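A.B. asks: One structure, pasted below without further comment.
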There are 2 protein chains.
Amino acid sequence: MPERFADATAVHRRDGDAAVGDAIWDGEIVEGWDIGGNANGGYLMAMAARAMADASGRPDPITVTAHFITPGAPGPVEIEANVLRAGQRFSTVRAEMRSGNRPLVAMLARFGELEPSDGPERVDGDPPELPPVDDCAGFSLDDPIAPGFRSRIDVRLHPDDAGFHLGRPSGRPLVRGWFRLHDDEPIDTIALLLVVDALPPTAFNAMLPVAWTPTVELTAHVRARPAPGWLRCSFSNRFVTGGFLEEDGEVWDATGRLVAQSRQLALLPRS
Amino acid sequence: MPERFADATAVHRRDGDAAVGDAIWDGEIVEGWDIGGNANGGYLMAMAARAMADASGRPDPITVTAHFITPGAPGPVEIEANVLRAGQRFSTVRAEMRSGNRPLVAMLARFGELEPSDGPERVDGDPPELPPVDDCAGFSLDDPIAPGFRSRIDVRLHPDDAGFHLGRPSGRPLVRGWFRLHDDEPIDTIALLLVVDALPPTAFNAMLPVAWTPTVELTAHVRARPAPGWLRCSFSNRFVTGGFLEEDGEVWDATGRLVAQSRQLALLPRS
């Protein structure tokens, strides 16, 4: 059973052709990347994004939207990816991940090549202030919520945001923490799609009366390739209305650079 | 030439069948909804969304993502819409708008029916504080940037954010203002897709050395059906990095309720 993220999200073009273009890719939802039996949404996004990168011949997801249709269980999946337009700098690509005839995830994305820019830059924000990694709260291997998932990623929550785990939610819709893959496996721009969906929901700290907040849609903007080392992440929520809530994420790399911004719309299950 | 937004975004199912389902819709990009000759992106989103609503048999776009591929010029367009999955509460729908064989916009959305919720609500934010409508800055009909567009929508900018128009940008990446359609035409949830892309770019106030910031992708969450009357809008930007910038929008209705949240990724053209 592949434990490395790169292996657990690998896809294989069905026709075996190395050329870019539309096709079907085979992948497999591997055990251990689930939360309560359902594959993590960011894990599914990343797997489909590998097919989209292959289809477009471009490595970096610049902006990716995923609609989560059916929860994914371990087993084989197929991903159909279509390049709608290949431009000079970017390709617009859509994809659908299916298990048998059941659609799991639909995606629409722009792929390109992220490179340093010499244009104007402005950053109104900072990485979240976190105590040193060893002073933050890890998840133990026997985490009852997601034992496998928590052993494949290394998440260390800000102590102020980790109390929900012990029945002491902070009362604030905020979850901050360090992130790296198990064994410090390198994180590419596609792996960032896992990162933006890997921390516990802010609803756990906001004391909303729910056991989970299923993601309807998640959009991630990848702003730069991450440097090696721990990532710093921050997720927050401002509006819980009409049975929905959004969750805004930021991911910063070890050099203090913003590498991804995300927003998801999640459902507040009816009680 | 239709001046009402509802008429200017009307679409007609090609096979004439009233049933829901996949099909092609015909529409027409009408003159006067453009900025410098290119149709406004929110206008195109709204037109495609009408086909998607028709395909799904559900009226409200809950979350909509549009990728802008080629600028749209006045003339006929076709919209292909496919329902990927019709669930109990929501339909996942994708669409592509084309002019001839040229793709203009690709979209992916969830449609449903927005209704008041009796669940928990939390709102951490307020509508932007704006002076009375008549004390805000309107655009005159002879606005050289977008004479037609500015006569079809009624935008009144906060005086602090309107100086760029006279060569006095505020220096802050913030644009706030009142919005309504010409003649106070009612605004449905699909028209909100126009609203989130109708104000001038924040880059004009941030003194970035660009004439325009083309939208790569825009995602809007529609959180409620707007009450009649003026809408209050606020658009801001925090990160200009790597040749891209995001722009976050909020739209509030006359009762003070948040009705839409948006984020777009735009390109900072290379100088």
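The values are calculated or read from the model by the stated rules, or taken from the named source; none is laboratory data. Nothing here was measured: the structure is a model prediction, and the numbers come from that model. Cβ coordinates were reconstructed from backbone atoms using ideal geometry, including for glycine residues, and neighbour counts include every protein chain displayed. The protein model used for the area step is the full one, side chains on, heavy atoms only, and it has no ligands, DNA or RNA in it. Shrake-Rupley method; radii C 1.70, N 1.55, O 1.52, S 1.80 Å.
A.B. asks: Put B:I69, B:I153 in order of accessible area, largest first, 1.4 Å probe: what do you get?
C.D. replies: Highest to lowest solvent-accessible surface, that is B:I69, B:I153.
A.B. asks: Still on this structure: Would you kindly work out, in nm and rounded to one decimal, the distances from the label point of A:N101 to those of the same position in each other copy, ordered shortest first, with label points 7 Å along Cα-to-Cβ?
C.D. replies: Label point to label point, same position, other copies: 3.3 nm.
A.B. asks: Another question, then. Report the Stokes-Einstein translational diffusion coefficient (µm² s⁻¹, integer) for segment B:152-271, Rh taken as the Kirkwood radius over Cα pairs, at 25 °C with viscosity 0.890 mPa s.
C.D. replies: 168 µm²/s
A.B. asks: Other chains near B:221-227: what is the mean number of their Cβ atoms within 10 Å of each residue's Cβ?
C.D. replies: Mean partner shielding for this stretch: 4.
A.B. asks: Determine the dipole magnitude for segment B:193-257: charges of +1 sit on the beta-carbon of Lys and Arg, -1 on that of Asp and Glu, nothing else is charged, the reference point is the Cα centre, and the result goes in debye to the nearest 20.
C.D. replies: Charge dipole of segment B:193-257: 240 debye, to the nearest 20.
A.B. asks: Also, quick follow-up: Can you give me the accessible area per residue for the protein assembly as shown, using a 1.4 Å probe, in Å²?
C.D. replies: That works out to 39 Å² for each residue.
A.B. asks: Once the label point is placed 7 Å from Cα along Cβ, list for B:P71 the distances to the corresponding points in the other copies, in nm, shortest first.
C.D. replies: 4.8
A.B. asks: Determine the equivalent ellipsoid of the protein assembly as shown by diagonalising the alpha-carbon gyration tensor, then write out the semi-axes as square roots of 5 times the eigenvalues, largest first, rounded to whole Å.
C.D. replies: Computed over the protein assembly as shown, the values are 35, 27, 23 Å.
A.B. asks: Return the distance in nm (one decimal) between the two label points of a simple spin-label model at A:A86 and A:D134, each offset 7 Å from Cα along Cα→Cβ.
C.D. replies: Computed distance between label sites A:A86 and A:D134 equals 5.1 nm.
A.B. asks: A follow-up question, please. Which trypsin sites (Lys or Arg not before Pro) does segment B:240-271 hold that lie in a coil by DSSP with at most 12 other beta carbons within 10 Å?
C.D. replies: Those satisfying the criteria are B:R270.
A.B. asks: Roughly how tilted is helix A:41-56, in degrees to the nearest 10 and between 0 and 90, from the longest Cα axis of chain A?
C.D. replies: Result, in degrees: 20.
A.B. asks: When 1/r is averaged over all different Cα pairs and the result inverted, which Kirkwood radius in Å belongs to segment B:37-189?
C.D. replies: 18.1 Å is the Kirkwood radius here.
A.B. asks: Taking Cα centroids, how far is segment B:51-102 from segment A:162-203 in Å?
C.D. replies: 33 Å
A.B. asks: Give the interface area between chains A and B as buried accessible surface, both sides summed, probe 1.4 Å, in Å² to the nearest 100.
C.D. replies: 5600 Å²
A.B. asks: May I have the pair-distance distribution P(r) for segment B:218-271, computed from all Cα-Cα distances with 10 Å bins from 0 and rounded to whole percent?
C.D. replies: Whole-percent P(r) values from 0 Å outward: 25, 41, 22, 11, 1.
A.B. asks: Now for a different question. Round to a whole number: what % of the accessible area of chain A belongs to carbon and sulfur, probe 1.4 Å?
C.D. replies: It is 49 percent, rounded to a whole number.
A.B. asks: Can I ask one more? Based on C-alpha coordinates, I'd like the Rg and Dmax of chain B, in Å.
C.D. replies: Looking at chain B, its Cα Rg and Dmax stand at 18.0, 54 Å.
A.B. asks: For A:A211 and A:D22 in one chain, what is 0.36 nm times their gap in residues minus the Cα-Cα distance, to one decimal in nm?
C.D. replies: Stretched fully, the A:A211-A:D22 segment lengthens by 64.1 nm.
A.B. asks: Okay, next question. At 222 nm, what value in deg cm²/dmol follows for chain B if DSSP H runs of at least 4 each add -39500 (n - 2.57) and the sum is divided by all its residues, to the nearest 500?
C.D. replies: -3000 deg cm²/dmol
A.B. asks: If you count, for every residue in A:69-79, the Cβ atoms of partner chains within 10 Å of its Cβ, what is the mean?
C.D. replies: Across the residues of A:69-79, the mean count of other-chain Cβ atoms within 10 Å is 1.
A.B. asks: So what does B:H158 come to for accessible area, using a 1.4 Å probe and Å² rounded to 10?
C.D. replies: 20 Å²
A.B. asks: Here is a further query. Over its Cα atoms, what ratio of radius of gyration to 2.2 N^0.38 Å does segment B:117-218 give?
C.D. replies: Taking the Cα Rg and dividing by 2.2 N^0.38 Å, one obtains 1.19.
A.B. asks: If you count, for every residue in A:106-117, the Cβ atoms of partner chains within 10 Å of its Cβ, what is the mean?
C.D. replies: The shielding value for this peptide is 4.
A.B. asks: Would you mind giving the three semi-axes, in whole Å and largest first, of the ellipsoid equivalent to segment A:1-95 according to its Cα gyration tensor?
C.D. replies: 23, 14, 11
A.B. asks: Defining the label point at 7 Å along Cα→Cβ, can you sort the distances from B:V133 to the same site in each other copy, shortest first, in nm?
C.D. replies: 5.7
A.B. asks: Distance from a point 7 Å along Cα→Cβ of B:D124 to each backbone N in segment A:190-206: keep the residues under 20 Å and list them by number.
C.D. replies: Those under the cut-off are A:196-206.
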